[in-house]
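Contents: one structure, followed by commentary.
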Ligand SMILES: [Zn+2]
């Protein structure tokens, strides 16, 4: 028996019978990984000492001296500042840190060569449409610096620094994360900022000194063009879909006489349809009664092998008194679970730690940047010898006593592999961690150690009872004889003792239990990304963000994965008038074409052109179909918008207003001050108003406090959600110092 079938927890399949442990909480569904977030970082010891010395980097100093730029440095470009720090410290013990306009970079010498390590900060370029195109469909797009849009203004200093350093580079090494996105980030820096066609490429899976040194000494001679073009193709396709479908929806709504910003992405449409379909199945579900029947022999309950749906059949069981029993025993071996690929990590982290898939990816990314785990965006379930796992286990033994159990020579591995990276594994390096980081790190270490731990062994016992009128009952037991890997990794392995019953027996009692068939369970964030993976929709790196985006756009409800009426009406309208938009086969086809680029040896540019052209043609077809029924689509979506507004009002209502005794207190959002507050529905007649924490999205939960007051939840990007009681009678304690953030926020407002 495979271990998965014994421990459904770990490889939770999306079965309808399986009870789902807990509903996801809002906070688990709305944490958004913000790409390009600058991580806080510490300077290495050595640079701290030199901090006070004012010293100009050599590269810069020279530039000022002579007009003509001397190309004298090797420039290494990373994806994030933290990676630059790691690479610089790995390549030299005496790397110096500089910063220009708050952007750090590092200078060092190695084998007599002067190296500068600088970073992007995620994507420095975005696709946008060439100005002057109105209506839809539009197809002309171009890369522009991200800093041109306000929200990414902070990327300008990175851009400028790379430009400056690029002029001095006699050689460039791209050292971004090794995947499609990373390759594209590097390629864009190379062609648009530095003005080079290609560069060497450092490939690594961990930010550890040995691997980084090795990767620097043995770089690839060119970019990984398959990845670069796959990245660019996907961006172009998503952009074309995104802008055109959004314009289509908005134009439809306008035609129906209203205005609302709506958009739907290439993968989001089909994903939303999957959710709406399940919602409908649940709604239309008619529950049916059925019976489970148990025979009791010597205080042991044996269950009839079939559930009974026809009540009349129950009669056949009423007078059962005797039967023949047989007890058999069988040795069972339970292999450890396979190593973590990203989806499995997200699923397990949700099951054991209650972290949402996107939060898990965010935390894993930070552990990777700390150098303590390998690159998390991987599909691999393999542990290659090259990572020297035994050395890692040796290092881990200082902190994890479970290493003693990890004695298996060759690890257990899964089916899937990934050409770019191995499975997710700990590097054996340490850092003090807290909260989610610590919990997720421990889970990753334990999973890794479990792969090297012996099988669990057990004896499965089974009693089979055949009654005198030929009805079959069974009972199953399990005794664990060797705990093996179950001492290392959390499982729901359960022992159950049953007696041995043989031969002719008296049946003491027949017990009937009436039950009702249950509707299918709604998706959890974890089961939904598992399903998307199975259907090959989206990519390992984007699936959790797809789910988040559907929430952000109001298509899904915040408490469990359930479509809002806007989401339902949107899907209904598209199903009726433009089913092609939500056809999962089409988007999967695009995904597969993009994947093909990865395996090609040449001709990537042609393939990209072809794929993008195909998408343009598809969008042209969509537009023809859509425009015929535009108004009808608009009217239907608008109905969803209005339903949604009503629902939202209801959801935001907290309690009757004690000031006017007419209205209700509701959570509101002020566009002016950009923050939530509580106001009265009877406004402007009643001016009751209460402030709420700033810089957060505030939502009502289902919970009430001990004082029977509503519990609200504050969601902040990148922070843990925070629950609090809403008390309209709360008065600030005059002696208590105001919350720092709150007072800052207010002083900002005063300035305005
Ligand atoms: Zn009022």
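Read-outs: derived from the displayed coordinates by stated rules, not from any lab. Because the structure is a prediction, the values reported are computed rather than measured. Glycine also receives a Cβ, built like all others from the backbone with ideal geometry; neighbour counts cover every protein chain displayed.
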Using only helices, what value at 222 nm comes out for the chain when you add -39,500 (n - 2.57) per DSSP H run of length 4 or more and divide by the total residues, to the nearest 500 deg cm²/dmol?
-11500 deg cm²/dmol
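With all pairs of different alpha carbon atoms counted, what Kirkwood hydrodynamic radius in Å does the chain show? It would help to have the intermediate numbers written out before the result.
Working: mean 1/r = 0.0334 Å⁻¹.
Answer for the chain: a Kirkwood hydrodynamic radius of 29.9 Å.
Expressed as a whole percent, how much of the Cα-Cα distance distribution for region 337-451 exceeds 19 Å? Intermediate results must be reported in sequence, preceding the final value.
Numbers: 2547 of 6555 pairs.
The share of Cα pairs beyond 19 Å in region 337-451 comes to 39 percent.
Going by C-beta contacts inside 10 Å, put 607, 209 in order with the fewest on the left. List each step's numbers first, then the result.
Values: 607 19, 209 16.
Ordered from fewest to most neighbouring Cβ atoms within 10 Å, 607, 209 come out as 209, 607.
So, R0 is 45 Å and r is the distance between the beta-carbons of residue 111 and residue 133; what FRET efficiency does that work out to, to 0.05?
Details: r = 52 Å, r/R0 = 1.15.
FRET efficiency, residue 111 to residue 133: 0.30.
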Please order 343, 407 by the number of other Cβ within 10 Å, starting at the fewest.
407, 343
Given 0.36 nm per residue, what is the gain on full extension from residue 410 to residue 312 after removing their alpha carbon distance, in nm?
29.6 nm
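Evaluate Rg over Rh across region 556-632, taking Cα atoms for both radii and Kirkwood's formula for Rh. Let's see the in-between values first.
On the way: Rg = 16.6 Å, Rh = 14.8 Å.
Over the Cα atoms of region 556-632, Rg/Rh equals 1.12.
Compare the peptides 383-393, 502-512 by average per-residue count of other Cβ atoms within 10 angstrom and give them in order, highest first. Intermediate results must be reported in sequence, preceding the final value.
On the way: 383-393: 16.0, 502-512: 12.8.
Ranked from most to least packed, the peptides come out as 383-393, 502-512.
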Mind ranking 271-282, 428-439 by how tightly packed they are, going by the mean number of other C-beta atoms within 10 angstrom, highest first?
271-282, 428-439
Ordered by packing density, taken as the mean number of other Cβ atoms within 10 Å over each peptide's residues, highest first, how do 77-84, 313-320 rank?
77-84, 313-320
Region 676-732 to region 487-511: how many Å between their Cα centroids?
51
Here the Cα Rg-to-2.2 N^0.38 Å ratio for region 45-223 is 1.08
Would you mind getting me the FRET efficiency between residue 600 and residue 196? Use the beta-carbon distance for r and R0 = 22 Å, nearest 0.05.
0.50
Stretched fully, the stretch from residue 288 through residue 322 gains (0.36 nm per residue minus C-alpha distance, one decimal, in nm) 9.1 nm
Extended-chain gain in nm, criterion 0.36 nm per residue less alpha-carbon gap, residue 280 and residue 660:
132.7 nm
Residue order, fewest to most surrounding Cβ atoms within 10 angstrom, among 363, 117
363, 117
